[in-house]
Amino acid sequence: MKIAIIDYGAGNTQSVKYALKRLGCKGVLTSDKEVISSSDRVIFPGVGHASSAMKKLESKGLDLLIPELKQPVLGICLGMQLMCNFSEEGNTNCLKIFDSNVKRFDNSFKVPQIGWNTVFDLKTSLFNSIIENEYMYLIHSYYVPLITDTVATSNYGINYSTAINKNNFTGVQFHPEKSGSKGELVLKNFINN
Amino acid sequence: MLAKRIIPCLDIKDSRTVKGVNFVDLVDAGDPVELARYYSKNGADELVFLDITATKEDRKTLAKLADKISENINIPFTVGGGIKTVEDVDILLRSGADKVSINSYAVKNPDFINELATNFGTQCVVVAIDAKYIDNDWFVYLVGGREKTDIRLFDWAKEVEKRGAGEILFTSMDHDGTKNGFACQALEKLSEIVNIPIIASGGAGKFEHFSEVFKSGNIDAALAASVFHFNEIGLKELKTELKNNNIPIRL
């Protein structure tokens, strides 16, 4: 099994690599289009600012490659947000895989949301063996609203998408690589399904 | 519902944890990686590593340590101590740290907060504030509490939020080490004037102090060191107790 972790200078790629290692898998950090295209699984991490992350993807031509990928792709945190149409963060045009905009939490709750929140209404095999209302680790100021592609929900003042899925593309707002053994189970499901 | 976080803090000197620890099942209690693994397995929601030597050479050692921690634990962690450049932060985040904590240097160079927020996002910037109550007001202290400033705690808290801090780690020097409970009043006011998460630190001595701090104000996390290191409070027991007190806790 070849797993590519897209390395575009944004995001906490090292933690994802180590999480895969703990599962007995090897993830390759790469920005090489050939390597990414020929991998069995692609993980698209991301931490940071939407507009600078999109610029980095564009500079490597990855903005055109990612939407064309045919194998299972998992976007994590900012990676998930970048797969949507548009982000309010820096008014950024994104990859347009999911038909949704990314919004900022309003200030009725503390922003950013930092910590362990529950995930519920779990709909796909990504959550095999994960019970409803399991805790996952989240750290973000922007969110994807509930859409037809929502496959898991969290609540922070409002209900929002904590996971989305469309064809071979999946996005998770929480960090499976930092969410303890349950998070590792999500990664494992992504690899094995 | 977002859970309240319990955060053990490890002080690091020359790549070793300094304060003693008291776990029979640890082979090497001074090894921060082993201790981190112990805490993550026993229900810690997050860990903070503070490098108290903090010279330039130590930055590289600290990055190596962050990398090793990232390899060995599956929960988030923050690294702090002597961070002065964007490059320091870049290398720590690349090594797997989720957040960095800055303190004295931010007071002397407030623009550094903006710089980090722009480069890495507000979510990974923790501003640690040490303060002491003198003449009816809280004043910010620097260099591990050795140097007093004229800056008022609440003014500084508002400013760091405006500049892009994603979280405040507040230590009351009046409470730190006393084991008499957290500075609940100051924390409550802090949570009223800023709209970013607040970590309470200093004063934890027993179960009740944790439930008190979570019930008194809108506090997001509580940090402690020695009570956990010396096993005076078991993490699992603490979290179960808090949950029984209707505080949202991840078990």
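Looking at the stretch A:38-54, which of its residues are under 18 Å from the mean Cα position of the chain (by Cα), surrounded by fewer than 19 Cβ atoms within 10 Å (Cβ to Cβ) and at pLDDT 95 or above?
Across the stretch A:38-54, the qualifying residue is only A:Asp40.
If I filter the stretch A:100-118 down to residues being more than 7 Å from chain B (Cβ to nearest Cβ) and among the polar types (S, T, N, Q), which single residue comes out as farthest from the chain's Cα centre (by Cα)?
A:Ser108
Can you tell me which residue is most open to solvent (accessible area, probe 1.4 Å) among those in the stretch A:56-83 that are farther than 17 Å from A:Leu146 by Cα and in a loop (DSSP other than H, G, I, E, B)?
Out of the qualifying residues, it is A:Lys70.
Just wondering, is there one or more residues in the stretch B:42-57 that are modelled with pLDDT under 95, under 27 Å from A:Gly46 (Cβ atoms), open to solvent by 20 Å² or more (accessible area, probe 1.4 Å) and not β-branched (Val, Ile, Thr)?
no
Return the residue satisfying two criteria in turn: it lies in the stretch A:119-155 and is open to solvent by 20 Å² or more (accessible area, probe 1.4 Å) and closer than 20 Å to B:Ile75 by Cβ, and of such residues it is farthest from the other protein chains (Cβ to nearest Cβ).
Filtering the stretch A:119-155 for residues that are open to solvent by 20 Å² or more (accessible area, probe 1.4 Å) and closer than 20 Å to B:Ile75 by Cβ, the one farthest from the other protein chains (Cβ to nearest Cβ) comes out as A:Ser129.
For A:Phe86, are the conditions met, namely being outside any helix (DSSP H, G or I), of a type in the set (Phe, Trp, Tyr) and modelled with pLDDT under 95?
Criteria not met by A:Phe86.
Which one of these is over 20 Å from B:Gly96 (Cβ atoms), within 14 Å of chain B (Cβ to nearest Cβ) and touching a helix residue (DSSP H, G or I) at 6+ places or on another chain (Cβ under 8 Å): A:Ala19, A:Ala50?
None of the others qualify; the one that does is A:Ala50.
Any idea how many residues of the stretch B:209-224 are within 13 Å of another protein chain (Cβ to nearest Cβ) and not in a strand (DSSP E or B)?
5
Cβ-Cβ distance below 6 Å, separation of 6 or more or different chains: which pairs start in the stretch B:79-102 with a residue that is within 12 Å of another protein chain (Cβ to nearest Cβ) and crowded, with 18+ Cβ neighbours inside 10 Å and end on one that is at pLDDT 95 or above and in a loop (DSSP other than H, G, I, E, B)?
Close Cβ pairs satisfying both conditions: B:Asp98/B:Pro76.
Name every residue in the stretch B:120-159 that is within 14 Å of chain A (Cβ to nearest Cβ), of a type in the set (A, V, I, L, M) and assigned to a helix (DSSP H, G or I), in order of residue number.
Result: B:Ala157, single match.
Applying the selection to the stretch B:173-189, what residues are touching a helix residue (DSSP H, G or I) at 6+ places or on another chain (Cβ under 6 Å) and either buried (at least 20 other Cβ atoms within 10 Å of the Cβ) or farther than 26 Å from B:Val79 by Cβ (or both)?
B:Gly181, B:Phe182, B:Cys184, B:Glu188
Which residue pairs have Cβ atoms under 8 Å apart, sit 6 or more places apart or on different chains, and have a first residue in the stretch B:67-78 that is touching a residue at least 40 places away in the same chain (Cβ under 8 Å) and a second that is hydroxyl-bearing (Ser, Thr, Tyr) and in a strand (DSSP E or B)?
B:Thr78/B:Ser101
Return the pair list, or none, for Cβ contacts closer than 6 Å from residues in the stretch A:27-45 that are within 16 Å of A:Asn193 (Cβ to Cβ) to residues that are open to solvent by 10 Å² or more (accessible area, probe 1.4 Å) and modelled with pLDDT under 95, at least 6 apart or on different chains.
From residues that are within 16 Å of A:Asn193 (Cβ to Cβ), the pairs are A:Asp40/A:Met1.
Could you check B:Phe230 against (1) at pLDDT 95 or above; (2) surrounded by fewer than 19 Cβ atoms within 10 Å (Cβ to Cβ); (3) aromatic (Phe, Trp, Tyr) and say which number it fails?
(1)
The values are calculated or read from the model by the stated rules, or taken from the named source; none is laboratory data. From a predicted model like this one, the values you see are computed outputs, not experimental measurements. Note: ideal-geometry Cβ built from the backbone for every residue, glycine included; neighbour counts use all protein chains shown. These area figures cover heavy atoms from the full protein model, side chains too; ligands, DNA and RNA do not enter into them. Shrake-Rupley method; radii C 1.70, N 1.55, O 1.52, S 1.80 Å.
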